[in-house]
Structures are given as structure tokens and as C-alpha cells.
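Asks: Quick one: the structure is below, and I'll ask about it shortly.
Where a number appears in this text, it was derived from the coordinates with a stated rule and is not lab data. Given the structure is predicted, the values throughout are model-derived calculations rather than measurements. Virtual Cβ from ideal backbone geometry, glycine too; neighbours counted across all protein chains shown.
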Amino acid sequence: MNRRVYVHYISRVEGKGSLEITLGDEGVRELKLRIFEAPRFFEAILLGRPYYEVHEITSRICGICPVTHQITALRAVEKAMGVEVPEHIKKLRKLMAIGGILSSHALHLFLLALPDYTGHPNVVAMAKEHPDVVKAGLGIKEAGDSLIELIGGRSVHPVSTVVGGFTSIPTRERLERFKGELASAKEAALKVSDFVFGLEYPDFERRCEHMALRKRGEYPINEGRVVSTEGLDISEDEYREHVYEVQVDYSTAKHSYVRGRSSFMLGPLPRVNINFDNLSDDARELADRCGIKFPCFNPFASNVARLLEIVTLLDEAMSIIEEGGLEGTPRVRVEPRAGSACALTEAPRGLNFHSYEFDERGFVKRASIAPPTCQHLRNIELDLIEYLSDYVNESDEEIARRSQMLVRAYDPCISCSAHFLEVKVKRE
Amino acid sequence: MAKMRLAFFKFASCSGCQLSALRVNERLLDLLDLVEIDYWVMVSDLRREGPYDVAFVEGSITTPEEIEEIKEVRRRSEVLVALGDCAVTGGLNSIREWMSQKEAEKAVYENPLAIKSTSVRPVDYYVDVDVYLSGCPPSTSDIVEVIKDLALGFPPRLPKYPVCVECKLSENECLLLKGVPCMGPVVKAGCGAICPNLGRPCEGCYGPTVDPNTESLIEKLREAGLSDREIMYKFRKYAGLTKEFRREAGL
């Protein structure tokens, strides 16, 4: 007997997605993670626009991760125009990207995901029982948002970012003063760590390829080599030779695969797995007592990885400010020219790929964007198929609850993915 | 006082307006003393069917399903707030109104037949809107202000004057006079002139101000060295479909 379970509109994730599961006696027959987000055609609306607007437009792909879409676009544009920005600009961009990940992780972990593990329908209900945890989470989010504002002027769709640098950069005094806020956010994160580690995460592991940026001596976000747990080690320029997209007939969503292998996972868990030695001392100490051994292939452990990243990134932000060298010319001159280039950065949810081609006056001729959620959509499905096979005899509600929890652990950003997926609008 | 029942709905958009609302961070718990969240899929599993006192609608209307959905939202809501440019003017989504649907689909999708998308329209093309909250995104303080005003029974008071007013209040040197192509004179205030404060020209993300003198600005933009194509694209960005900007945007 076949049985169908629908989740019409997955809650507590960004964007509009649904899930259709067909169960047979022996397990999951068919599973479709569908995106019913309206397509917004970013790659089309970029055509013909000037090079200096690309990051401003791609920022609007996503309100949760605008920073990554700005920085990835800026890096690709600068590469195409043959410009290398000075070291202090790179450091300020890294600070801003750290702010982006802190804000996104705190939002996801404390406001959207944790209610799954405390048995609440939302953060409002959870806050009644665990006010300190929610307050700590909101405090970390505040630090992330404020860090983006300090560098970029606004937390959602920053404004001072331009090709070649910034229109204005913060003074040393303002940066120095901000260290206090970072320190209290770290204190908050350490304080809730026992709570986060003590929650019951489903015991489920599926070995799959984990992929992330890797760089010696820092926790890489804006640049690095692409490294995987299956031995991949390539530059961003080689990415499209190794990772390809295919159209699948049952769904309108494009899936990504590593050539000759399978789907793969991106985001906080793969990053911690691949950059474990780059974690700060305090983050590594936390990792030692979190109850999980790395490398870890349990997708639910992403929540723990998020907290470890919060701590290591707060440490890294403080040391970037302490090291100094953040002053200098806010922007370097960029002259438009014909060319093409791609860039890869770590968005909060994993590798974000942008690629552009420009004509001799710097107008966009071609744009191609693959955000992380879109890239590992197939991996979420494969996880779900294996995970749910142990629960086929449970009620529909229980299956729906468990599957949403797993989808949520990936922290999918559906607005991001939808504009690049084959989208079929379907409502059951 | 009974709590005001709030709902948030998302159409074609980036969720940035919802994020700007959530930017209240630590004040969220205080705000929840004033309001009850009846529907907000990004944040909560609970989905009450209404009626809602206030519905915040983010995003533009771009598919046949969304047209039906926005009408349903209107039926269930006492006050409907268009939250952000996509809902107010069509926003960045409207850029694709200047290319054929086929052209847009082909640039993104291998198999355009699967795409069900119609013209990009602001919310008030299909239903009545009570409050317009412009911005890409609207500032957190404006969103909170509107919630407070509605809870107290005031009509929300949002600025209609141009960005230049806020820019002058910030005591900035005028970017246009320095030869930097700034949209400030024709764009609605509300952002606090954050871009000019940081030396960045206004890009127009709050949409047109009342009765803007676009002709005179176009002259200034030409003097600043922009080509006619670049000028057209400046108007064809956040609010190209509006009656104030559509001619300049090339419609």
C-alpha cells in the first residue's frame, strides 16, 4: 500500500517550499522537495546593466544573506576588470561577511530551529520557557547585524559597498569600540552552549561528500580553495569543471553533482569538518565537549556546528580588529573593460557561486548564479529518503514533523534558490 | 487592550523586509506584548486563518496563484500594509517588465515551458492597500512606527518629502553639486539619507517622492557624466513602473 504525506508550506525556513513524500511498505518510494517560490529571473534582469550595479542588484536575491551576494558579485566583477583590492579592504569585507554569518546563524538557530528541539511551535512560545536562551540568541544576532551596519551602513542590503572597496570606511575608534559588543556576544554564546549541546538531536548519519572553502591560517569565508571530504582540492576557476547542474524530469529543480560522484552537502557542518584545525581555541574547546566527534556526517549536527562557527567567527572578528591595518584608501579606481570571471565565497549556508561576462563598456553580457541551497537540494532529498525509511509506520503528522526538522537543519534559503531553479508552481 | 492580530505574507521577494522587521532583535519580546502573531510562516508553525487586524504583505505579484492569494489576504485583513518596494511599486522585480517574458525565462531556465509567471505588479494593482511602507528594505524604525501607530489607532505618518531633506538635516555636502550622480532630489525620504551619509549617492530604493522634477535631475545626471542608457537604468531599478518614473525608465 502506498501512502502519501504532504507538507504544503514548510514553516520556519526562508521562502516557500513544500514536500511530497510517497511511502511504501519497504520505505520511501518517492520524495519531492518542491520550491513554489515565484521565480524572479535575476540572471535575466542583470543583462545589460552596468558593472557597478551588479552587487546592488544581486544583494536583493536574499534578505538573509545579502552580504554574501554582494561580496561574491564584487569579487567576480573586480576579477573581470583586472582589479585587486588592497588588504585592508579584504579585511573589512571579511568583517562584514562575519557579521552576515553571525546574524543568519543566530536567526536560524535561536529563532527558527531550536523550537524543534524544545517542542514549541515558534520562538514566541519558546521564549516563555527559555527566555535566557532566546535573549542570548537575539543578542548574538544584534552583534552580527551591528557589525554589518558598522562596515556597510545597513544590515539588510548594505549600502557603502562598491566595486573597488567602500564609499566610506569606519574609523579605528569605532572599530575598537565595537570589540566590546563582540565580546558580550561571545559570552552569550558560551553561556547557551550547554543548552544547545544538551538538546536531543536525532541519531542519523549518512556519509556524503562535504564541501567547503579551505585556507591556511584562517576560517575562510570570502576566498579559498574548494576542498571536499572526498579529496576534491581545486581553485574557484575550476569549480564548474567539477561541479555540474542537471535538470531532472520529476521536478523542475536543478540538482548539482560532483562529476563522477553524487550530490554533496555545503554549509556550517562541512565547514567545521574541513576547517576543524582553523577553529579558534575556545571554539575547539567547545567542540571537545559538545558530544560530537568531527568529522561528523549527521545533518542534525549542523545546529551544533552553527554555534561553533558563531564562537570562532566572533574570535576571528575580534582578532582582525586587534591586528589593525584597517585604514587606508576606501576604494581603488576601477576602469570597465571586457572580460569574464567567477567567484566563490562561503554564504551562511555554504558555497555561493557567481559568474559574469561584461562587454568593453562594462555592461553585463551573461550572468550565472548558484547559491548554496540550490546546490545541495538533492542532498537534502537523499538524506530525507534514508532518514524516513526508519519511520514509515509512524503517523503522517510525525513523518511531516521529522522531515521538516531535517529540512530545517540545512537552513534552506529558498528565495535564493528559487531564482535559479526550474520552478514549478504547484499547490496541493 | 486586546492585542493587535498581525500576519506576514510573502510574495515574489527576498524576505529582506521581514528581516528588517526582525531587526528589532532584543525589542522583539517587548513588541510581542502589543501584538499577537497569527500568521508568519518564516517564524512560526501556527497558521490562524484570520481575520487579521493588520496584514503585512512583502513582495510583488507575479504568478496567477499569487493573484488569487493576495485577494484572499485582502478579504481576511482589516488593514493591509504593502511592506517594501516589491509590494509598493513592483521593486527590482519590475526590471524584467522591459524584456519579453520569453527573453527573461530563457536567460534563467533551460526549459521555460515549466515556468508559470505573469507580469510583475505591485499589490495595489489587484487589491486596495491601506498603508504604503516604501524602501528596499523599509527601515526597522518605520516598521515599528507603523505597528505602534496602528495599535494606537493613528493613521501612520511617513515622510513624503525627498531624501534631500534628510540629507540636509545630516549636514552632508550635496553629492550632486560635487558631480556625483545622486537620485536624492526625486526620491522619497525615510531612510535617514544613509547612503549620502556614507558618501554613496542615493540609488532610489524608497521610490519616487511627490511630484518629482525628473527633467531637471536628468540634466544634472548628464552633467555628472552618465550616458542616457545609464540614466534610464537608474529610473528603471526600484520603481520604474510608477507614474512618476515610467517615462524616464523608458516605458
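Asks: Please identify which residues in segment A:38-68 have an amide N closer than 19 Å to a label point set 7 Å out from the Cα of B:Gln101, following the Cα→Cβ vector.
Replies: Hits in segment A:38-68 for B:Gln101 at 19 Å: A:38-45.
Asks: Wrap a convex hull around the Cα atoms of chain B, take a quarter of its surface area, and give that in square nanometres.
Replies: Hull-based average projected area comes out at 14.9 nm².
Asks: Segment A:27-44 to segment B:8-70: how many Å between their Cα centroids?
Replies: Between the Cα centre of segment A:27-44 and that of segment B:8-70, the gap is 22 Å.
Asks: Gaussian network model of chain B, Cα springs within a sub-10 Å range: biggest mean-square fluctuation belongs to which of B:Val54, B:Val146, B:Val43?
Replies: Checking each option, the largest mean-square fluctuation is seen for B:Val43.
Asks: Report the relative contact order of segment B:4-152, percent, no decimals, based on alpha-carbon pairs under 8 angstrom and at least 6 residues apart.
Replies: 28
Asks: Go through chain B and flag any cysteine with no other cysteine's C-beta closer than 4.7 Å, please.
Replies: Within chain B, the cysteines lacking a partner Cβ under 4.7 Å are B:Cys14, B:Cys17, B:Cys86, B:Cys164, B:Cys167, B:Cys174, B:Cys182, B:Cys191, B:Cys195, B:Cys202.
Asks: Additional query: Looking at the calculated P(r) for segment B:163-235, what percent of the C-alpha pair distances fall above 20 Å?
Replies: Percentage above 20 Å: 21.
Asks: Okay, helix-only estimate at 222 nm for the protein assembly as shown: each DSSP H run of n ≥ 4 adds -39500 (n - 2.57), divide by all residues, round to 500 deg cm²/dmol; what do you get?
Replies: Theoretical 222 nm ellipticity from helices: -11000 deg cm²/dmol.
Asks: If the cut-off is 13 Å between C-alpha atoms, which aspartates and glutamates fall inside it for B:Lys3, apart from same-chain ones fewer than 8 positions away?
Replies: Once the sequence-local aspartates and glutamates are set aside, what remains near B:Lys3 is B:Asp30, B:Asp33, B:Glu36, B:Asp38, B:Asp53.
Asks: Further question: Under a GNM of chain A (C-alpha, springs under 10 Å), which listed residue has the highest mean-square fluctuation: A:Cys342, A:Cys208, A:Cys374?
Replies: Between A:Cys342, A:Cys208, A:Cys374, it is A:Cys208 that shows the largest mean-square fluctuation.
Asks: How big is the Cα convex hull of segment A:142-235 in projection, averaged over all directions, in nm²?
Replies: For the Cα atoms of segment A:142-235, the hull's average projected area reads 9.6 nm².
Asks: Cross-link partners among lysines for B:Lys160, C-alpha distance below 17 Å, same-chain residues fewer than 8 apart left out?
Replies: In chain and number order, the partners are B:Lys168, B:Lys188, B:Lys243.
Asks: Using DSSP to define loop residues, name the GluC sites (Glu not before Pro) in segment A:55-160 whose beta-carbon has at most 14 other beta-carbon atoms within 10 Å.
Replies: Filter output for segment A:55-160: A:Glu84.
Asks: Mind checking which lysines have their Cα closer than 29 Å to the Cα of A:Lys365? Skip sequence neighbours fewer than 8 apart in that chain.
Replies: A:Lys79, A:Lys90, A:Lys94, A:Lys254, A:Lys424, B:Lys102, B:Lys106, B:Lys116, B:Lys220, B:Lys234, B:Lys237
Asks: Name the residues of segment A:329-349 whose amide N is less than 19 Å from a point 7 angstrom out from the Cα of A:Arg366 along the C-beta direction?
Replies: A:337-344
Asks: Taking a point 7 angstrom from the Cα of B:Ser216 along the C-beta vector, which residues in segment B:182-208 have backbone N less than 16 Å away?
Replies: Of the residues in segment B:182-208, B:182-188 have backbone N under 16 Å from the label point off B:Ser216.
Asks: Would you mind computing Rg(Cα) / (2.2 N^0.38 Å) for segment B:4-152, counting N as its residues?
Replies: 1.08
Asks: For segment B:11-145, build the charge dipole from Cβ charges (+1 Lys, Arg; -1 Asp, Glu) around the Cα centre, then report which of B:Ala55, B:Leu31, B:Val123 sits farthest towards its positive end.
Replies: Towards the positive end, the residue furthest out is B:Val123.
Asks: Take the alpha-carbon centre of segment B:129-182, take the same for segment A:63-113, and report the distance between them in whole Å.
Replies: Centre-to-centre (Cα) distance: 26 Å.
Asks: Running a GNM on chain B with Cα contacts under 10 Å, which residue among B:Leu80, B:Leu31, B:Leu198 ends up with the highest mean-square fluctuation?
Replies: Looking only at B:Leu80, B:Leu31, B:Leu198, the largest GNM fluctuation is found for B:Leu198.
Asks: Roughly speaking, what % of Cα-Cα pairs in segment A:334-373 are separated by over 17 Å, rounded to a whole number?
Replies: Distances greater than 17 Å cover 38 percent of the Cα pairs.
Asks: Something else now. Given A:Thr118, A:Phe195, B:Tyr206, which one lies farthest toward the positive end of the charge dipole of the protein assembly as shown, if we put +1 on the Cβ of every Lys and Arg and -1 on the Cβ of every Asp and Glu?
Replies: Working it through, the farthest residue towards the positive pole turns out to be B:Tyr206.
Asks: Listing A:Glu223, A:Glu53, B:Glu49 from the residue with the fewest other Cβ atoms within 10 Å to the one with the most, what is the order?
Replies: Exposure proxy ranking, most exposed first: B:Glu49, A:Glu223, A:Glu53.
Asks: At q = 0.07 Å⁻¹, what log₁₀ I(q)/I(0) does the protein assembly as shown have when each alpha carbon counts as one equal point scatterer in the Debye sum?
Replies: -0.41
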